[in-house]
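Below is one structure; the comments refer to it alone.
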Amino acid sequence: MEPSTPAAAGTPGARPSASPEPPQAPAAPASPLLTTPGAVAGEGPDEGVAAHYGDLFREQRALADGSGLVDLSHRGVVTVTGDDRLAWLHLLLTQHVSELPPHRATEALVLSAHGHVEHALYLVDDGATTWAHVEPGTQGELIAYLESMKFFYRVEVADRTADTAVAHLPAGSIAEVPEGVAVRETPYGRDLFLPRAGLAEYARGHGPLAGLLAYEALRVEAHRPRLGFETDHRTIPHEVGWIETAVHLQKGCYRGQETVARVQNLGKPPRRLVFLHLDGSEVHLPGHGTPVRLAPGPDGAEGRQVGFLTTSARHHELGPIALALVKRNVPVDARLVAGDTAAAQETVVEP
């Protein structure tokens, strides 16, 4: 099967005009790896890196087997230095980071006063600097917020996107990491904060390269949300599963905490993330923002919209798959339709 372009595959960048807005276009320089033979550029917020290098499923299988490298150099990179950096970030983020040990990876969110997700940070501290990568083009708004909250704290915030590139090595990779490079090691692999000028040289020695379509397919398989794709302007952490990975429920003193605590105690987020197995007979996958409706049934409720599709992908083993955000009261065994494509759901967030 020929790899689909992002627009055709329904991956980020393919969305109807009425869909929730994904992140802004990337501000990072275009990746030098786009000159690799066979490279096809991504679209929308992922346009600065390769969607694939000519063989989507081979690239997925390589990542699943623990080999290869994914170019994430379009993502924003933010650093915080200074003696107060962790204590200060602890007051602003949803995660407990005041005593974060060096080299331990974590995730954290910045919420609005009403508890809606505004930023998602993928963090690691190397003992002197806190490194974070964020969605393409969102680092400017994040830095503006952080700067407004500095007050008397001894911290310095910097946009390192222009000189630092993020590269991903899959779980099980035995690739060596250059000395002095900050690394986020997670169950899904390692994120490296490489000097941008050295990205091409490092990639040449640690191939094969895998594109964003392969990376995104494995992300969807793992039910991992992405800001601007699984979220919109009113998403709260409980709806997409971030309450388990990016929120510390025993800490306080961050913006939006009241909403988190209220929903946690009541247990009723208005929406929930689901995983979808899509009908494999369709040539094109439904795109981001496609309405998700109840399938025809004996209750006569067919056609009622209950949510929207967030990310779809073609998986090398599972076939066409997707994530979607649906209303909390949708039965977990309800048959769904994404656009015109039949979909069987699996629970990600319990109703």
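The values are calculated or read from the model by the stated rules, or taken from the named source; none is laboratory data. No experiment lies behind these values; they were computed from the predicted model shown. Note that each Cβ is placed from the backbone with ideal geometry, even for glycine, and that neighbours are counted across all protein chains shown. All accessible areas refer to the heavy atoms of the entire protein, side chains included, with ligands and DNA or RNA removed. Shrake-Rupley method; radii C 1.70, N 1.55, O 1.52, S 1.80 Å.
What the table below lists for this structure:
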read-out	value
Within straight-line cross-link reach of LYS268, aspartates and glutamates at Cα separation under 16 Å, skipping those fewer than 8 residues along the same chain	GLU239, GLU244, GLU258, GLU350
Evaluated over region 133-292, the Cα radius of gyration and Dmax, each in Å	19.0, 60
Largest-first principal axis extents, alpha carbons of the chain, Å	63, 52, 34
Net +/- balance of residues flanking THR186 in space, Cβ distance below 13 Å, scoring K and R +1, D and E -1	+2
Hull volume in cubic angstrom per residue (convex hull over the Cα atoms of region 222-268)	86
Prolate/oblate/rounded label for region 209-310 (Cα gyration tensor, a/c 1.5)	oblate
Residue-by-residue Karplus 3J(HN,Hα) for region 228-236, coefficients 6.51, -1.76, 1.60, Hz, glycine and proline x	x, 10, 8, 10, 9, 5, 10, 5, 10
Solvent-accessible area of HIS248 with every protein chain in place, 1.4 Å probe, in Å² to the nearest 10	60
Region 60-132: Rg to Rh, with Rh as the Kirkwood radius over Cα pairs	1.06
Accessible surface of region 103-185 [probe 1.4 Å, protein heavy atoms]: carbon and sulfur percent	52
Gain in span if fully extended, SER112 to TYR145, counting 0.36 nm per residue against the direct Cα distance	10.8 nm
Region 197-351 - percent of accessible surface contributed by carbon and sulfur, probe 1.4 Å	51
Three-way shape label, region 302-351, alpha-carbon gyration tensor, a/c 1.5	prolate
Estimated [θ] at 222 nm from DSSP helical runs (n ≥ 4, -39500 (n - 2.57)) normalised by residues in the chain, nearest 500	-4500 deg cm²/dmol
Per residue value of the accessible surface for the chain (all protein chains in place, 1.4 Å probe), Å²	42
Cα gyration tensor shape for region 40-85, rounded if a/c is under 1.5, else prolate or oblate	oblate
Exposure rank, largest accessible area first [TRP242, TRP131; 1.4 Å]	TRP131, TRP242
